[in-house]
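Structure first, then comments.
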Amino acid sequence: MKPSDMRHVYGPVPSRRLGRSLGIDLVPFKVCTYDCIYCQLGRTTDLTLERKAYVTAENIMAELAPILTAADRPDYISLAGSGEPTLNSAIGEVIRRIKQQTEIPVAVLTNGALLWMAEVQQALLAADLVLPSLDAGDDGLFQKINRPHQALSFERMIDGLAAFTRRFAGAVWLEVLLLKGMTGTAAEAWREVWQIYRLPVVVIPTNRPCIRKTAPDRVHAGADAKWAAIVEEVRRVHQAGRPVLVGTRSVRASERLSELLTDAGLEHDVLNAVRHREEAQIIAGAGAPAKITVATNMAGRGTDIKLGEGVAERGGLHVVASERHESGRIDRQLFGRSARQGDPGSAVAIVSLDDELVRRHAPHVAAALRRRHGHRTIEISGPMTRRVFDLAQRKAERQSLRQRKGVLRTDDWLDEYLGFTASTG
Ligand code: SF4
């Protein structure tokens with residue numbers, strides 16, 4: 001067979017992990033279960049879970065036969081290529097037939113996405129070495145980095161990996177990719193990231209267009225009026241059959257809101273540092289129809305809230321922020337719990353002039369507005385009252401930036417000073 005007739009077998013090529021590796025490409029170009037943001041082959045053209053005999057075992061063996069008898073023996077025969085090899089339903093037969101003809105060990109390079117399937121586990125059992133890759137530590141990052149087929153989840157992939165590792169008698173080399181500096185809300189911090197680390201921020205478009213509806217802030221004069229408005233907002237959304245997630249800044253605020261919801265006869269779950277152990281379970285259920293969840297802003301971040309049956313048709317998850325945070329990024333992280341992966345969803349902040357943000361960072365304007373509107377129990381939203389929250393947040397962000405730079409300068413100084421004493425000691 002001439003080299004030009006070789007369509008699925010290539011090499012041997014030098015491989016950093018496998019020495020001289022003879023590669024076998026089992027799927028057409030970019031047929032994959034993932035569409036990884038870092039994929040050097042470009043965007044996935046066929047994002048699928050459908051397993052087919054894209055290339056038959058006969059075709060592979062016909063190409064391999066002359067190479068297996070040649071004196072120039074590779075260290076490994078690697079099933080890999082320009083997509084996900086386990087999508088080829090003939091992979092088990094290919095491995096078995098290679099093993100019948102040669103002692104050269106067979107390695108499978110896989111993204112591990114299908115290892116939860118019993119037939120994929122069974123097919124790979126005859127291999128000598130399996131090299132799955134792992135890029136994410138939770139479902140949020142999994143969705144962002146690997147952009148998987150919609151039927152895949154981080155949990156499913158990890159469970160499959162664990163189950164396969166228990167069954168497999170050969171070696172598993174787990175390849176962990178550490179992607180530095182990946183976050184959902186770095187865009188607004190680009191200036192600081194550049195000034196301090198000299199690193200540019202690159203915005204990666206969302207997997208699917210975001211259709212979240214974010215309403216303008218609803219402002220109240222006092223805290224009591226604000227909490228009453230939040231309870232009414234929760235009731236309204238709950239009665240429409242939609243799930244609602246209320247974010248609070250502190251454990252104490254989450255407990256206060258929990259009491260008010262109980263008094264109003266609204267059943268709910270609370271997710272805060274106190275109930276850390278139940279976090280995954282509570283978050284998993286937070287997208288169920290009419291579900292009410294109260295969570296501190298930091299709790300359960302990075303976890304996708306999956307919508308329950310019929311929830312998308314009713315408008316998806318509604319997020320209520322009960323205070324604006326010192327950093328706009330934290331607000332965005334909370335709002336970002338809704339309308340993920342192209343789902344519908346909405347968000348609103350219901351705030352008051354008693355909130356810590358304006359009391360600390362815009363005390364004079366907030367006091368003047370309180371004098372003017374303090375007696376009012378109805379909403380006092382307007383350009384002026386909303387602006388005071390933006391001003392306070394910008395001031396708080398500038399202050400935090402100055403503090404971070406101060407800490408950095410002290411760090412550098414200590415490094416230099418301690419380095420000097422160590423070298424002379
Ligand atoms: S799993 Fe591999 S082939 Fe598929 S998109 Fe990711 S890097 Fe590319």
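Residue-wise test of (1) in the same structural domain as residue 47 (by TED's automatic domain parsing); (2) touching a Leu at 6+ places or on another chain (Cβ under 6 Å); (3) farther than 21 Å from residue 393 by Cβ; (4) part of a helix (DSSP H, G or I).
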position	(1), (2), (3), (4)
165	yes, no, yes, yes
189	no, no, no, yes
224	no, no, yes, yes
233	no, no, yes, yes
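Of the strands (runs of 3 or more DSSP E) lying entirely inside the stretch 4-94, those carrying at least 2 residues that are more than 35 Å from the chain's Cα centre (by Cα) and at pLDDT below 90 are 9-15. Of 176, 203, all but one fail to be in contact with a strand residue (DSSP E or B) (Cβ under 9 Å, 6 or more places away or on another chain) and at pLDDT 80 or above; the exception is 176. Of all residues in the stretch 365-390, those being part of a helix (DSSP H, G or I), loosely packed, with under 15 Cβ neighbours inside 10 Å and in contact (Cβ under 8 Å) with a residue 24 or more places away in the chain number 0. Of the residues making up the stretch 58-77, those that are hydroxyl-bearing (Ser, Thr, Tyr), surrounded by fewer than 19 Cβ atoms within 10 Å (Cβ to Cβ) and in contact with a strand residue (DSSP E or B) (Cβ under 7 Å, 6 or more places away or on another chain) number 0.
Restricted to the stretch 12-56, and to residues there that are among the small types (Gly, Ala, Ser) and crowded, with 20+ Cβ neighbours inside 10 Å, the residue that is farthest from the ligand (Cβ to nearest atom) is 21. The one condition from (1) touching a Phe, Trp or Tyr at 6+ places or on another chain (Cβ under 6 Å); (2) closer than 21 Å to residue 331 by Cα; (3) among the charged types (D, E, K, R) that residue 213 does not meet is (1). Beta carbons closer than 8 Å, at least 6 apart along the sequence or on distinct chains, pair a first residue in the stretch 128-139 that is within 12 Å of the ligand (Cβ to nearest atom) with a second that is small (Gly, Ala, Ser) and at pLDDT 95 or above for 131/107; 132/112; 133/112; 134/112. Which members of the stretch 103-115 meet the condition of being within 16 Å of the ligand (Cβ to nearest atom) and in contact with an Asp or Glu (Cβ under 6 Å, 6 or more places away or on another chain)? Of everything in the stretch 103-115, just one residue is within 16 Å of the ligand (Cβ to nearest atom) and in contact with an Asp or Glu (Cβ under 6 Å, 6 or more places away or on another chain), namely 111. When the test is whether a residue is buried (at least 23 other Cβ atoms within 10 Å of the Cβ), in contact with a strand residue (DSSP E or B) (Cβ under 7 Å, 6 or more places away or on another chain) and among the aliphatic types (A, V, I, L, M), residue 91 passes it.
Against the condition among the small types (Gly, Ala, Ser), in a helix (DSSP H, G or I) and either in contact (Cβ under 8 Å) with a residue 24 or more places away in the chain or not assigned by TED's automatic domain parsing to the domain that holds residue 21 (or both), how does residue 113 come out, does it pass?
Judged against the criteria, residue 113 is not a match.
For the stretch 66-85, the set of residues classified as in contact (Cβ under 8 Å) with a residue 40 or more places away in the chain and either within 16 Å of the ligand (Cβ to nearest atom) or more than 24 Å from residue 171 (Cα to Cα) (or both) consists of 66, 67, 72, 78, 79, 80, 81, 82, 83, 84, 85, listed by residue number.
The values are calculated or read from the model by the stated rules, or taken from the named source; none is laboratory data. Not measured: the values here are computed from a predicted model. Quick reminder, even Gly has a Cβ in these numbers, built from the backbone with ideal geometry, and neighbours come from all protein chains shown.
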